[in-house]
Structure formats: C-alpha cells, structure tokens
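Engineer: Quick one: this structure, given as structure tokens, is what I'll be asking you about.
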Amino acid sequence: MAEYTLKLRRYDPQAGDAPYYEEFQVDLEPHRSVLEAILKVKAEQDGSVGIRCSCRAAICGSCGVRINGRPGLACHTHLDKAAKTGVNADGKTILVEPMGNMPVIKDLIVDMDAVHWKKIQRVTPWLINKQPVPEREYIVPHENMVDVTQTMACIQCGACVSDCLSMEVDPLFVGPAASAKAYRFVGDPRDAEQYERLKDLAEDPHGIYDCTHCFTCIDACPKGVAPMSQIMRLRRIAGNDHHIVDRNNGERHERAFVSLIRDYGLLHEAELLPRSYGGDSWFGKFHPAAGQQLLESLPVLARGLATGKFTVKKAMLGHRIPKADLKAVKAIYEKVEGKDRRYELNLYISGYEDDDEAAPAEAVPAAVGAGDGMPSAPGPDPNRPTAASESESA
Ligand code: SF4
Ligand code: SF4
Ligand code: FES
C-alpha cells in the first residue's frame, strides 16, 4: 500500500460556482489505476465526484481525463507512474482534470456529444459501397486491411481531441479523431467515394489542411492510432493521387515546402509564401495573389527585420548548404520521384505470423499502392514479422 494525494478539478456548471481544486488522500497499491483511486474517493469520501467509466480495461474509451496535464485513460494509468510525473515534487500528488476542447458537464465528465461525436458524424463514418454488390462477400486484400486496421483501433476516447492545438484555435477544425475515422473509409478499397471524401475534407477551411502537424495527438492516443499520420496520408492521397488543389491553398503550400527543400536543401521562408500563393517557382512572387499576401504580411516582415530574425540578404538569397549536401538532397528527390508510383507504408500491425519457424527480424511494413486504394506492391512477407509504428510514405 502507498498513500497518494488526488487533486481533482471540481466544477458543476449548474451550481453557478467557479471551478476549484480539491485534494483527497487515498491508500492503494501502486499498480492500481488512477480510475480505481477516483472510484475509491467516490465510494468512501465524496459520492458527488463526477467521473465517467465503464470497462475499466482501456477498451470502452469512456474514462478519458487529463492526468498531470496530459490526456489519457484513467483506467490505463498506474498510480505509481502518474505520481512520478505529478505536479508536486512530493512523488505522491496526482492532478486529475477533465479533457480539454470540450465543455465540462460535471467535474471530470466532458460533453463528448457537443464536440467529438459531432465531428465524427461530419466525416460520414460508414462505408459507401461500390456497385455492383458482389453475390458473396467483398474480398479485401490483406495489405488494405493492415492499412486501415490502425484507424479501426480507435476507441473514441477523445484524448487526441482534448489536446489538439489547432482545435484550440479553431473549434470548427474537424480534428484528429474524425480525420482518423475519415481515413478508415478513404483507405478501404470497398468504398466508392474516396475522391468525394477527400475533396470535401480538402476544400473545407476547417478540414485536413487545418492541422498544424504538431504531433500532440500521436502522443495522446492510448491506442497507437496516430491521427496526425492519418491526416498526412489523407493529404498525400488528395494532393498526389487525386490532384485536388483546394481553395485553402493547403496543397500549394505543401508543394512549396517540397520544392524549396529541393531547390535550397533548407526551407527558404521568404519564398514560402509567394510560392504557396503564386506558383511553384521563384517567379511566384510576381503573381497578384502572392503580392496581396505579401502586402498583408508587411507588418510581420517589418517586425522580423527589426528584431534581427532575418536580414534583407537572407530574405533575398535564402539559406545555403554545402554543394555536396544539396546534391545529396536532390538525389533523394530523384530517387523518390523516379518511382513509377507512390507507396503508402503502414507499419502499425505488430507480432509474427503463425509460422513457428519465422525468426524475429526487422520490421516489414504493409505497402499499399496509392492512388486507387488498391494494392500494387507486394504485401508483407508472411515469414517475417510486421511491427508497430506509424504510417509513412515513400
Ligand atoms: S497534429 Fe494536427 S490534428 Fe494532431 S493535435 Fe496537432 S494540430 Fe491537432
Ligand atoms: S484516435 Fe486515439 S486518442 Fe483519438 S479518440 Fe481514437 S483512441 Fe482516442
Ligand atoms: S473505463 Fe473503459 S477505457 Fe477506461
């Protein structure tokens, strides 16, 4: 047994009082969960503490909270580990708060309907099957199942939504969990509306290009869904395979990043905006759309110059890297762009095939040929393991 201090954020909007923090002392074995400690408090000290839970086994997704400022499942967090990262240096105080980006109903319970489920509904979370419907079942290639299994692992806990930085700035952003759900169907070869789904999410000002690529949702997810990776895959399929050029300038902005690294080996920030708006070359800055954006950015430019963040010379010429390094960067581009088609690699599935003789070796990803959602590359070698990680493109 060990003694822990649970510091709970208490708030009852109906009472009309401001939120406050209340501390409770709990004696429990260190391997017990934060949820067990909260339920013990509720059973023995204060029955009015609000917490939502069901399975207590990290399956139902209902006990999402913030523990010491980070989102997670209360039933999946051991007391000893939580205490180590606690807000006090005493090694026994654990701060528990409701998840962010969602209104609080009471204490640690947030309104998932108001935010999370609305966004899930937004992405048409069901399969729109291709026609004609086969007489028997659809046969889905193994590679495609591996590919979508990662998003199917989502338990809808809302941890990623809680700490999404873009959603804090733009509450209308479709968000990480709903985007991962969208990939669930975009990546499914049985779905008839891959293009329409992507077009919709690309054109929406609060869609896939609203993500700032901050990795927070990847850290937050207790199930390895890696929502940000799914968003990047949606973007790659939308831009590279369907050539969807969105009105938000998201696709052009990404293309500008790629071309700048190819041309300079490093990001040339002063060129980024003109290329994003005016076209993918040095002449982009003379495009009227780029000119207008540059004019609007003048105050930022003036501040940057005044604070020495950049100089006129750097703005004109960009950063330089040694010629040999630039050549090596260009060689990577040539190799990737020289492929006859693009592959999405999903390294999510872990473990070994049933073959007893399979020797542990390095990870082998499932490769899905991009473009039409159908595999065009060999799947994983059945005699070798596949390993958990996140999605990448090649
Ligand atoms: S990576 Fe994108 S979706 Fe994920 S938390 Fe950051 S902004 Fe949100
Ligand atoms: S993606 Fe992960 S963190 Fe987000 S709702 Fe699903 S399981 Fe929870
Ligand atoms: S109670 Fe079900 S995930 Fe925690």
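Read the figures in this text as sums done on the coordinates, not as results from a lab. Owing to the predicted nature of the structure, the values given are computational and were not obtained by experimental measurement. Positions of Cβ are generated from backbone atoms using ideal geometry, with glycine treated the same way; all protein chains shown enter the neighbour counts.
Engineer: What distance in nm separates the two pseudo spin-label positions at Lys323 and Tyr20, each 7 Å out from Cα along the beta-carbon direction?
Structural biologist: Each label point lies 7 Å from its Cα, and together they span 7.3 nm.
Engineer: Between region 270-296 and region 168-187, how many Å separate their Cα centres?
Structural biologist: Computed from Cα coordinates, the inter-centre distance equals 29 Å.
Engineer: Which of the three applies to region 269-331, rounded, prolate or oblate, going by the alpha-carbon gyration tensor with a ≥ b ≥ c and a/c under 1.5 meaning rounded?
Structural biologist: Details: a/c = 3.35, a/b = 1.33, b/c = 2.53.
Cα axes put region 269-331 in the oblate bin.
Engineer: Give the relative contact order (percent, whole number) for region 2-110; include only Cα pairs under 8 Å separated by 6+ residues. Mind dumping the intermediate values first?
Structural biologist: On the way: 219 pairs, mean separation 34.8, N = 109.
Dividing the mean separation by the residue count of region 2-110 yields 32 percent.
Engineer: Using a Förster distance of 35 Å, how high is the FRET efficiency between Lys81 and Glu137, based on the Cβ-Cβ distance and rounded to 0.05?
Structural biologist: Numbers: r = 44 Å, r/R0 = 1.25.
Once rounded, the FRET efficiency stands at 0.20.
Engineer: When the chain is treated as a GNM, springs tying every alpha-carbon pair under 10 Å, which of Ala114, Ala74, Ala15 comes out with the largest mean-square fluctuation?
Structural biologist: Evaluated over the chain, the most mobile residue of the options is Ala15.
Engineer: Additional query: Let me confirm the definition first: pairs of Lys residues in region 2-110, 8 or more apart or on different chains, C-alpha distance under 23 Å. How many are there?
Structural biologist: Summing the qualifying lysine pairs gives 15.
Engineer: What shape does region 169-237 have by the C-alpha gyration tensor, where a ≥ b ≥ c are the square roots of the eigenvalues, rounded means a/c under 1.5, and otherwise prolate means a/b greater than b/c and oblate the rest?
Structural biologist: Working: a/c = 2.16, a/b = 1.25, b/c = 1.73.
It is oblate, given that a/c is not under 1.5 and a/b is not larger than b/c.
Engineer: In a shell of Cβ-Cβ distance under 12 Å around Lys327, excluding Lys327 itself, what net charge do Lys and Arg (+1) and Asp and Glu (-1) give? If you can, show how the numbers build up before the last one.
Structural biologist: Numbers: positive: Arg262, Lys323, Lys330; negative: Asp325, Glu334.
Cβ neighbours under 12 Å give a net charge of +1.
Engineer: Tell me, what are the semi-axes, in whole angstrom and largest first, of the equivalent ellipsoid of region 40-146 as set by the roots of 5 times the Cα gyration tensor eigenvalues?
Structural biologist: Values: eigenvalues 299, 63, 36 Å².
Over the Cα atoms of region 40-146, the ellipsoid semi-axes are 39, 18, 13 Å.
Engineer: For the Cα atoms of the chain, what angle does the longest principal axis make with the long axis of helix 194-203, in degrees from 0 to 90, nearest 10?
Structural biologist: 90 degrees
Engineer: Between region 122-143 and region 1-23, how far is it from one alpha carbon centroid to the other, in angstrom?
Structural biologist: A separation of 47 Å, based on Cα centres.
Engineer: Any chance you could list the semi-axes, whole Å, largest first, of the equivalent ellipsoid that the Cα gyration tensor gives for region 188-285, using √(5λ)?
Structural biologist: Details: eigenvalues 133, 64, 26 Å².
Whole-Å semi-axes of the equivalent ellipsoid: 26, 18, 11.
Engineer: Give me the orientation-averaged projected area of the Cα convex hull of the chain, in nm², one decimal. Display every interim value, and only then the final one.
Structural biologist: Details: hull surface 106.1 nm².
Computing the convex hull of the Cα atoms and averaging its projections yields 26.5 nm².
Engineer: Across all directions of projection, what mean area in square nanometres is found for the Cα convex hull of region 113-241?
Structural biologist: On the way: hull surface 31.7 nm².
That works out to 7.9 nm², a quarter of the Cα hull's surface.
Engineer: Determine the relative contact order of the chain: mean sequence separation of Cα pairs under 8 Å and six or more apart, normalised by residue count, in whole percent.
Structural biologist: Details: 725 pairs, mean separation 46.8, N = 394.
In percent, rounded to a whole number, it is 12.
Engineer: For an R0 of 30 angstrom, estimate the FRET efficiency from the Cβ-Cβ distance between Ile261 and Tyr195 and round to the nearest 0.05. List each step's numbers first, then the result.
Structural biologist: Numbers: r = 28 Å, r/R0 = 0.94.
In this case the efficiency is close to 0.60.
Engineer: Ordered by packing density, taken as the mean number of other Cβ atoms within 10 Å over each peptide's residues, highest first, how do 173-184, 150-161 rank?
Structural biologist: On the way: 173-184: 27.5, 150-161: 23.8.
Result, highest mean Cβ count within 10 Å first: 173-184, 150-161.
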